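What follows is a short report on a single structure.
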Amino acid sequence: MSYPPQPPPPGGYAAAPAPVSPSDARTMSLLAHIGGPIVGFVAPLVIFLIYKDRDGFVRYNSLEALNFQIFLTIGYVVSMVLMVVGVGFLVFFALWVLSIVFAIQGAVAANKGQPYRYPVSLRLVS
């Protein structure tokens with residue numbers, strides 16, 4: 001998959017951020033996926049904001065992880081409402097398992113240098 005190059009900064013502004021090495025790009029992408037189940041959408045959001053202009057691979061993977069974590073947050077809120085009925089506990093557990101399984105799959109793909117697209121996600125941030 002090819003990623004579009006980042007445009008140069010307009011004249012009169014600071015120089016473009018330094019590019020990221022392939023090894024660092026894989027590491028940051030891996031952390032974006034693994035950080036989700038640990039601290040929620042905060043980890044992919046921070047990585048996205050720091051690296052979005054520096055590397056297309058990190059941008060893609062952190063954006064995917066961020067969108068999935070936002071989807072999970074919405075799902076957790078719905079499951080908490082459904083806990084009144086009792087079904088919410090099953091929904092919460094299912095979302096938690098999906099979070100871990102998909103994060104591991106994403107981390108493995110990122111470590112191999114491959115982009116990972118979550119099978120279930122809302123594309124709210126682009």
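The values are calculated or read from the model by the stated rules, or taken from the named source; none is laboratory data. Keep in mind that this is a model prediction, so the values were computed, not measured. Ideal geometry is used to build each Cβ from the backbone, glycine not excepted, and the neighbour counts take in all protein chains shown. The accessibility values were calculated without ligands, DNA or RNA, using every heavy atom of the protein model including side chains. Shrake-Rupley method; radii C 1.70, N 1.55, O 1.52, S 1.80 Å.
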The range 103-120, subset on the phi < 0 side of the Ramachandran plot and assigned to a loop (DSSP other than H, G, I, E, B), residue least open to solvent (accessible area, probe 1.4 Å) | 118
Within the set of pairs 6 or more residues apart or between chains, which connect a residue that is farther than 19 Å from residue 74 by Cα inside the range 24-39 to a residue that is open to solvent by less than 10 Å² (accessible area, probe 1.4 Å) and not in a helix (DSSP H, G or I) with Cβ atoms less than 6 Å apart?
-> none
Kindly provide the set of residues from the range 89-105 that are touching a helix residue (DSSP H, G or I) at 6+ places or on another chain (Cβ under 9 Å) and under 13 Å from residue 72 (Cβ atoms), ordered by number.
-> 91, 92, 93, 94, 95, 96, 98, 99, 100, 102, 103
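Per-residue answers, yes or no, for (1) surrounded by fewer than 23 Cβ atoms within 10 Å (Cβ to Cβ); (2) over 15 Å from residue 96 (Cβ atoms); (3) of a type outside the set (Phe, Trp, Tyr):
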{"residue": "33", "(1), (2), (3)": "no, yes, yes"}
{"residue": "39", "(1), (2), (3)": "yes, no, yes"}
{"residue": "42", "(1), (2), (3)": "yes, yes, yes"}
{"residue": "53", "(1), (2), (3)": "yes, yes, yes"}
{"residue": "63", "(1), (2), (3)": "yes, yes, yes"}
{"residue": "73", "(1), (2), (3)": "yes, no, yes"}
